[in-house]
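Derivation of every value follows stated rules applied to the coordinates shown; laboratory data play no part. Note that this is a predicted model, so its numbers are computed, not measured.
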């Protein structure tokens with residue numbers, strides 16, 4: 001992938017990602033709800049509210065074709081306003097072959113996610129729990145694909161995502177211009193394979209494809 005031209009409208013989104021008009025209609029519903037709820041809950045940076053299709057929907061949707069075709073369980077960590085996890089779930093509704101779990105500890109944001117899921121018919125499990133809790137680990141188990149955006153530096157993100165990683169789990173993490181330094185820092189305590197994919201929405205952005213995650217011998221595993 002490479003940075004594309006602006007994706008500012010449903011038609012441009014549909015053309016770029018090859019989704020149905022029905023899926024775009026669901027995203028239009030999502031957009032309307034986001035703008036309505038934003039008036040009382042700070043879901044996204046106000047400066048991005050008029051840039052939803054490019055900055056949020058397209059930025060999230062670029063992960064969908066990068067996941068392994070066999071991925072059936074998707075886990076989104078710190079979902080916030082639903083990026084990228086809820087967008088992935090809406091795209092998945094075209095095939096109905098995957099399960100999507102969104103973890104968001106803020107009860108107001110979780111309520112927003114439930115409302116969007118209800119209005120769009122997206123098949124998601126929304127867990128209002130802290131990612132680090134053993135109860136969350138037990139409830140979710142191992143996922144095929146783990147996603148996150150703007151949650152934490154990669155070293156911390158890998159630490160909290162590790163309990164959900166199995167031997168074939170793929171991490172898809174949206175990162176910015178400091179990704180090389182984040183990878184170097186993470187490699188001090190963790191072994192992993194990775195690939196950097198240029199973002200389709202941000203010139204300096206990268207998607208980190210990460211797998212074969214394993215703590216180095218000297219790295220203590222945290223609980224809770």
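Determine the equivalent ellipsoid of region 96-224 by diagonalising the alpha-carbon gyration tensor, then write out the semi-axes as square roots of 5 times the eigenvalues, largest first, rounded to whole Å.
Semi-axes from the Cα gyration tensor: 25, 19, 14 Å.
How big is region 53-151 in terms of Cα radius of gyration and Dmax, in angstroms?
In order Rg, Dmax, the Cα atoms of region 53-151 give 12.4, 36 Å.
What is the distance in Å between the Cα centroid of region 138-200 and that of region 11-29?
One Cα centre to the other: 28 Å.
Helix 21-37 versus the longest principal axis of the chain: what is the Cα-based angle in degrees, 0 to 90, to the nearest 10?
Once rounded, one gets 80 degrees.
Go ahead and estimate [θ] at 222 nm for the chain from helices alone: -39,500 (n - 2.57) per DSSP H run with n ≥ 4, summed, over the residue count, rounded to 500.
Per the formula, -9000 deg cm²/dmol.
Checking a compactness column here: for region 3-113, what do you get for Rg(Cα) / (2.2 N^0.38 Å), N being the number of residues?
Here the Cα radius of gyration is 1.03 times the empirical estimate.
Given bins 5 angstrom wide, list per bin the percent of all Cα-Cα distances in the chain, short to long.
Histogram of Cα-Cα distances, whole percents per bin: 1, 7, 16, 20, 21, 17, 11, 5, 2, 0, 0.
Roughly what angle does helix 107-120 make with the longest principal axis of the chain, taking Cα atoms, 0 to 90 degrees, to the nearest 10?
Helix 107-120 and the main axis of the chain meet at about 50 degrees.
Pull out the extension gain between residue 12 and residue 72, defined as 0.36 nm times the separation in residues minus the alpha carbon to alpha carbon distance; nm, one decimal.
Extra length available between residue 12 and residue 72 comes to 18.8 nm.
Please compute the contact order of region 10-215 in relative form: average sequence separation of alpha-carbon pairs under 8 Å and at least six residues apart, divided by the residue count, as a percent.
18 percent
Choose one answer from 62, 188, 14: the residue with the largest mean-square fluctuation in a GNM of the chain with alpha-carbon springs under 10 Å.
In this elastic network of the chain, the residue with the biggest mean-square fluctuation among 62, 188, 14 is 188.
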